[in-house]
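Note sheet for the following structure.
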Amino acid sequence: MSEQMPAPKVAVGQLPLFHVVGFSGHRQLESAAGVAETIGATLKSLQREIPGEWIALSSIAGGSDQLFVKQARAIGLSWHAILPLPRLEFAQDFTAAEWAVVEETLATADHLSVISETGEREDAYLDCGIETVNGADILIAVWDGQPARGKGGTADVVQYAKSIGKPVLIIDAGTHEVRKENWSRLEPGDAVLATLNKLPEAASAWAENPFKAPDAIFLFQQKCDYHASHGAPQFRRLIVSTVMLHVIATLIASATLAYGLHLIALPWLELLCLTIGLGAALVLRHHLHSHHSWVRCRLAAEFCRSALATWGLPRAAPLLIDLDVSSVRGLTRALYILHSRSSAERPVKMADFKRIYLEKRIDDQLAYYNRQVNRAMPLFNRLTVGFWVATILAVLITAAYAITRTFDFGMPEWIRETGFVFLPISLPVVAASVISFISINDLQRRVARYREMQALLEANRAQVTYCQTWNSLERIVLKTERALLQEVVEWHSITSFSDSH
């Protein structure tokens, strides 16, 4: 009988913190009982010392792997099985009696993945070990300290883990002594997930939970979305204001020079513009933390929205895990594990899922991109026209100035002051500021991307409507979600970089 330990309790509207402990070890052992006891003690130590729920990740080869799985299950850990080869291929490494035990054990796995469907056997074992390291926060290895006896052996896995800085607990296969490698790299908590969990609850776009996901995830998405919508630090507006103030200061200076204005108020007005511009720049720098918090909230809200939208599918899709955005890795892992645990329940029928997905996801996103296009396109067109007008006028006036100076044409003083002093200075500054506004608001890329997303969503909507099976529906839904998530990640990268420099 396994000693089932309850998972740490998490408040409503919060997501649990998960850690993954991977494993690699020898098949042949001098003292299986001693190794098993050390593995069990090591796992219990991790549970005591590091808060959160631990997930065991390993294959199920003979020897150490099976001891690890047994010890992990005995203390109540979930087990995610990772196989190097498909079952029929993998079974060739066991006798009939041994394989029967393996099959019985695999039936208890909370999740099962296969690394290689085809390819060389040794390559598959090496890839399995590497993926175990990649998916784990800590690697436990039962190793005798000797070089690998074949490709994909424990020595290769340990060496890979150490080379990428992964924390490793090495259990000596002979003496059972435990030593730590790269332990300073261990991150016992997730600061971003902790911050998001502490956000106060709030209602958001969905007044109800349409996809029948657990209340904790739905409420977590609601509060992230609310704080992202109401906590935007308006960085772009502040940057545009700073540019505008500098343009006004330039216009004042050029007018003073062109018309010989010596009003006392003008230098003070110019100083005021520059001072306010400097103040806006300082505000931008001071509130950089709030900007990053807003970006994280928006990213978390959209990742949760995608998870909620796919909750009714027969199985959890590794969409968020595959994106591997380091700043929200704890969030994406929690969403994936929670979905994996509840996917078998299939909370809605296929017809209901299609209807809800079309209405609450595709149509909602289409409406969003339509609003964005209708907002961005007129602004982009106006700014583009403004740039060309200012640029062409600057060229014409400069040409006129060159001609009059060459042929010494006479003209009124006010035309000379305006056309040959004020406008040649002012128009290029105005044209440059217009280009800056387009760049600051990322209008050219946004318009093109919004139109691309509109076309994709329209096409996928028609396909979802026609789907008659879960498999075909799943393919189209995941295709849609990948596109939407890629847009979110691209926005995150651009926003995080541009507004932090």
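Worth a mention:
- Filter pass, Glu89 being surrounded by 15 or more Cβ atoms within 10 Å (Cβ to Cβ) and at pLDDT below 95: yes
- For the condition in contact with a Gly (Cβ under 9 Å, 6 or more places away or on another chain), in a helix (DSSP H, G or I) and not acidic (Asp, Glu), Ile356 qualifies.
- Residue within segment 484-493 that is without any contact (Cβ under 8 Å) to a residue 40 or more places away in the chain, under 30 Å from Leu383 (Cβ atoms) and not in a helix (DSSP H, G or I) present: no
- The single residue among Val373, Val395 that is assigned to a helix (DSSP H, G or I) and free of Cβ contacts under 8 Å to residues at least 60 places away in the same chain turns out to be Val395.
- Selected residue (criterion: farthest from Ala307 (Cα to Cα)) from residues of segment 454-483 that are polar (S, T, N, Q) and outside any helix (DSSP H, G or I): Gln468
- Single unsatisfied condition, Pro84 versus (1) without any contact (Cβ under 8 Å) to a residue 60 or more places away in the chain; (2) crowded, with 21+ Cβ neighbours inside 10 Å; (3) not aliphatic (A, V, I, L, M): (1)
- Of all residues in segment 304-337, those satisfying the criterion of being free of Cβ contacts under 8 Å to residues at least 40 places away in the same chain and of a type in the set (Ser, Thr, Tyr) are Ser326, Thr332, Tyr336.
- Residues being of a type in the set (Val, Ile, Thr) and buried (at least 19 other Cβ atoms within 10 Å of the Cβ) - total across segment 114-144: 6
- Selection of strands (runs of 3 or more DSSP E) fully inside segment 70-189 by the criterion of at least 3 residues being under 28 Å from the mean Cα position of the chain (by Cα) and either more than 24 Å from Val35 (Cα to Cα) or of a type outside the set (A, V, I, L, M) (or both) returns 78-83, 111-114.
- Against the list (1) in a helix (DSSP H, G or I); (2) more than 29 Å from Glu359 (Cα to Cα); (3) open to solvent by 40 Å² or more (accessible area, probe 1.4 Å), the condition Phe437 fails is (3).
- Among the residues making up segment 465-486, those that are within 26 Å of the chain's Cα centre (by Cα) and open to solvent by less than 20 Å² (accessible area, probe 1.4 Å) are Leu473, Glu474, Val477, Thr480, Glu481, Ala483, Leu484, Leu485.
- Selected residue (only one of Thr332, Thr384 is closer than 30 Å to Leu77 by Cα, in a helix (DSSP H, G or I) and of a type outside the set (D, E, K, R)): Thr332
- Verdict on Ala56 being within 18 Å of Ala173 (Cα to Cα) and not β-branched (Val, Ile, Thr): no
- Members of segment 306-317 that are out of contact with any strand residue (DSSP E or B) (no Cβ under 9 Å at 6 or more places or on another chain) and either open to solvent by 40 Å² or more (accessible area, probe 1.4 Å) or outside any helix (DSSP H, G or I) (or both): Thr310, Trp311, Gly312, Leu313, Pro314, Arg315, Ala317
- Filtering His291, His339 for residues that are open to solvent by less than 50 Å² (accessible area, probe 1.4 Å) and either over 21 Å from Cys224 (Cβ atoms) or modelled with pLDDT under 80 (or both) leaves a single hit, His291.
- If the condition is being farther than 17 Å from Ser45 by Cβ, open to solvent by less than 50 Å² (accessible area, probe 1.4 Å) and not small (Gly, Ala, Ser), then segment 145-181 contributes Thr154, Val157, Val158, Lys166.
- Residue match in segment 445-453 (condition: part of a helix (DSSP H, G or I) and farther than 25 Å from Phe387 by Cβ): yes
- Checking each residue in segment 404-423 for being open to solvent by 50 Å² or more (accessible area, probe 1.4 Å) and of a type in the set (Gly, Ala, Ser) picks out only Gly410.
- Every residue from segment 192-216 that is at pLDDT 90 or above and open to solvent by 80 Å² or more (accessible area, probe 1.4 Å): Lys198
- Top-ranked residue of segment 448-464 - restricted to ones that are open to solvent by 60 Å² or more (accessible area, probe 1.4 Å) and touching a residue at least 40 places away in the same chain (Cβ under 8 Å), ranked as nearest to Lys360 (Cα to Cα): Arg461
- Of the set (1) more than 22 Å from Asn381 (Cα to Cα); (2) among the hydroxyl-bearing types (Ser, Thr, Tyr); (3) buried (at least 18 other Cβ atoms within 10 Å of the Cβ); (4) at pLDDT below 90, all apply to Ser426 but (1).
- Among the residues of segment 30-40, the ones that are of a type in the set (S, T, N, Q) and surrounded by 14 or more Cβ atoms within 10 Å (Cβ to Cβ) come to 1 in all.
- Candidate set from segment 51-67 (those that are within 21 Å of Trp99 (Cβ to Cβ) and touching a Gly at 6+ places or on another chain (Cβ under 7 Å)); member that is surrounded by the most Cβ atoms within 10 Å (Cβ to Cβ): Ser64
- Restricting Arg27, Arg48 to residues that are open to solvent by 70 Å² or more (accessible area, probe 1.4 Å) and touching a residue at least 12 places away in the same chain (Cβ under 8 Å) narrows the list to Arg27.
The values are calculated or read from the model by the stated rules, or taken from the named source; none is laboratory data. What you see is a predicted model; the values in this text were computed from it and never measured. Every residue, glycine among them, receives a Cβ derived from its backbone with ideal geometry; neighbour counts consider all protein chains shown. Just so you know, the surface numbers come from the protein's heavy atoms only, side chains and all, with ligands and any DNA or RNA stripped out. Shrake-Rupley method; radii C 1.70, N 1.55, O 1.52, S 1.80 Å.
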